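Quick notes on the structure that follows.
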Amino acid sequence: MSVSAGIICAVAYWVFLMVDQNLLSWQCLSRPIVVAPIVGLLLGDFNTGIIMGAQLEALYMGISAIGGAIPSDALSGSIIAVAYTILVGGDGAMETGLALSMTIGTVMASFNSIVMALVSALAPYWEKLAAECKPVKFKIQTLVVAGLSAAVSAIVVFFGVAFGVDGLSSALAACPAWVLTGFGAAGSMMTAVGFGILLAMIWDPAICVFYFVGFICAMSLGLSSLGIAVIGAAIALTLFFVQKDIVDAKKSGGTAAASGPANSEEDFF
């Protein structure tokens, strides 16, 4: 099962990498919330894929690549984490997979950087093709090289799933109970860490009050995430229309037209 699962995960990794990043210029199809459910479906456990996709997306949503520096590869980290959780199964497998995902993604990001450095050596040759106005030859060669470099990374994913999962499962089975408890606690905190990283990027004194309002709604009133999201969307739309009316009123000399709200709604949609 591990070898066949490794082949499935490697092919999925190659397809996601080629289609999303090399052909479509990154349309977010390689995000965990998309990748994890599909991998779960391919491995026969769609429900686990959906659950892990939501949690992994919360973990990786605050991690962005700055320039050529990729702190952690969300694609490989998600695929291997979902594969580990499904293949190992049992209590604590999902928490352990979440805890290991970031480490796996960091190692793969370092490996991909090495591959990218080797591919970059061909840049002068491709620049020469571009200067000679040979777009067809240039496009074919870049796609072939991109496919080969993605295949190299996919081979690493294959070995990680086919042979790494069993070894990791045996190693964890030999660990004391307190180590597994620690992995479970770390996995449970990963979602909070992801939201914390994202919050640090978008924090603004003008909107921080909504963070505390959401916290009170969740902890004191016991509202679900969907309920809080609906309330947040209603507040956001209200503020949008109010600010739109104010801007329209200033443009019209301080008197808002009677049809201002309706026009604002039409402009929004």
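The values are calculated or read from the model by the stated rules, or taken from the named source; none is laboratory data. Just so it is clear, the model here is predicted, and its values are computed rather than measured. With ideal geometry, Cβ positions are generated from the backbone for all residues, glycine too; neighbour counts draw on all protein chains shown. Heads up: the accessible areas ignore ligands, DNA and RNA and are worked out on the full protein's heavy atoms, side chains in. Shrake-Rupley method; radii C 1.70, N 1.55, O 1.52, S 1.80 Å.
Assorted remarks:
- Checking each residue of region 82-102 against the condition of being within 22 Å of LEU24 (Cα to Cα) and either at pLDDT 80 or above or polar (S, T, N, Q) (or both) gives no match.
- A search for C-beta distances below 7 Å between a residue of region 112-125 that is part of a helix (DSSP H, G or I) and any residue that is surrounded by 11 or more Cβ atoms within 10 Å (Cβ to Cβ) and among the polar types (S, T, N, Q), counting only pairs 6+ apart in sequence or on different chains, returns ASN112/SER153; VAL115/SER149; VAL115/SER153; VAL119/SER149.
- Of note, SER64 does not satisfy the criterion of being of a type in the set (S, T, N, Q), modelled with pLDDT under 80, outside any helix (DSSP H, G or I) and crowded, with 20+ Cβ neighbours inside 10 Å.
- Within region 132-152, tally of residues that are buried (at least 16 other Cβ atoms within 10 Å of the Cβ) and over 27 Å from ALA74 (Cα atoms): 1
- Unique match (being more than 19 Å from ARG31 (Cα to Cα), at pLDDT 85 or above and open to solvent by 50 Å² or more (accessible area, probe 1.4 Å)) among ILE114, ILE155: ILE155
- Some residue of region 159-166 being of a type in the set (A, V, I, L, M, F, W, C), at pLDDT below 80, open to solvent by 60 Å² or more (accessible area, probe 1.4 Å) and closer than 27 Å to PHE16 by Cα: no
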